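Structure record follows, encoded as structure tokens.
The values are calculated or read from the model by the stated rules, or taken from the named source; none is laboratory data. Everything numeric in this text was worked out from a predicted model, so none of it was measured. Note: ideal-geometry Cβ built from the backbone for every residue, glycine included; neighbour counts use all protein chains shown. Keep in mind that these areas ignore ligands, DNA and RNA; they rest on the heavy atoms of the full protein, side chains included. Shrake-Rupley method; radii C 1.70, N 1.55, O 1.52, S 1.80 Å.
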Amino acid sequence: MRKIKSFLIIICLLSIYAASFYGCGKKERSDSPNNETELPEIVIGSDNYPPYNYVDTDGNATGIDVELATEAFKRMGYKARFIYIDWEDKKNLLADRTIDCAWGSFSMDGREDEYRWAGPYMVSRQVVAVNKESDIYSLADLEGKTIAVQTTTRPEKIFLNRTDEHIPADALAAHETAICQYMKDYNIEFRILDEPLETVGLGVAFDKNDDRGIERQLTEVLNQMRNDGTEKKIISRYISDADKYLEVDSYGK
């Protein structure tokens, strides 16, 4: 009996060794959708931007975009891997293929010709938030006030390159969902102005010279996920009233 047990242990060890050895080679697309370890990897660059992308208490990437990317690429036969990047350097990282795509509440508007895009998969309002006790109630009231925006974002571009006279030079602006998440996380209450800066489409950016066609396939899969209710299910885990962020069909019309 001991000899039989020893023989079985040896067989198991040899099987593990063989699996490890062959796993070191180039990964091919698996015929089994459940065998994710054998799927080719897609590297996604993002930064910390709750509720779209952030690290949970266990040190794992999570958020709306993380879940959407994981599911979408799984349906396409890929395994999604998120890495933290300097968001300002995303274009260079895409060009040298350090990352396959940039995905993180990324506004397509005004950047249509800078990248190959998948999407839009969601819409988002760029809004202005002020202290609850502030006497600022409209964009016009912001004249002469201090601005806070993240660099390379749509709000920065709007305020540095004004074309609309109703938008003053100073403001505090970001995605509405990000501001709401910040208030929730830090138990702080801001007042969001009723008048948005703009409504934008969120997309996934690939390098302009990336001719693999992944962005076209990803757009199709994201549309499927919106139609079969997967997107709404994922978004609802993080924010309420998910439907208003899925009005993609009417976006831009």
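In plain terms, if you count all Cα to Cα distances in segment 82-150 and split them into 5 Å steps from zero, the share in each step is 3, 11, 20, 16, 14, 12, 11, 9, 4, 1 percent. Taking all protein chains as shown and a probe of 1.4 angstrom, residue 133 keeps an accessible surface of around 150 Å². Distance between the modelled labels on residue 134 and residue 250, one decimal in nanometres: 2.8 nm (7 Å Cα→Cβ projection). Binning the alpha carbon pair distances of segment 63-111 at 5 angstrom intervals from zero yields the distribution 4, 18, 27, 24, 20, 6, 0, expressed in whole percent.
For segment 202-248, the share of alpha carbon pairs falling in successive 10 Å distance bins from zero is 24, 45, 25, 7 percent. Over what distance in Å are the Cα centres of segment 52-95 and segment 185-253 separated? Segment 52-95 and segment 185-253 have Cα centres separated by 15 Å. Heavy-atom accessible area for residue 47, with the other protein chains in place and a 1.4 Å probe, reaches approximately 20 Å².
For residue 180, the accessible surface of its heavy atoms amounts to roughly 60 Å² (probe 1.4 Å, protein chains only, rounded to the nearest 10). With both labels modelled 7 Å from their Cα along Cα-to-Cβ, the residue 227 to residue 189 distance reads 4.4 nm.
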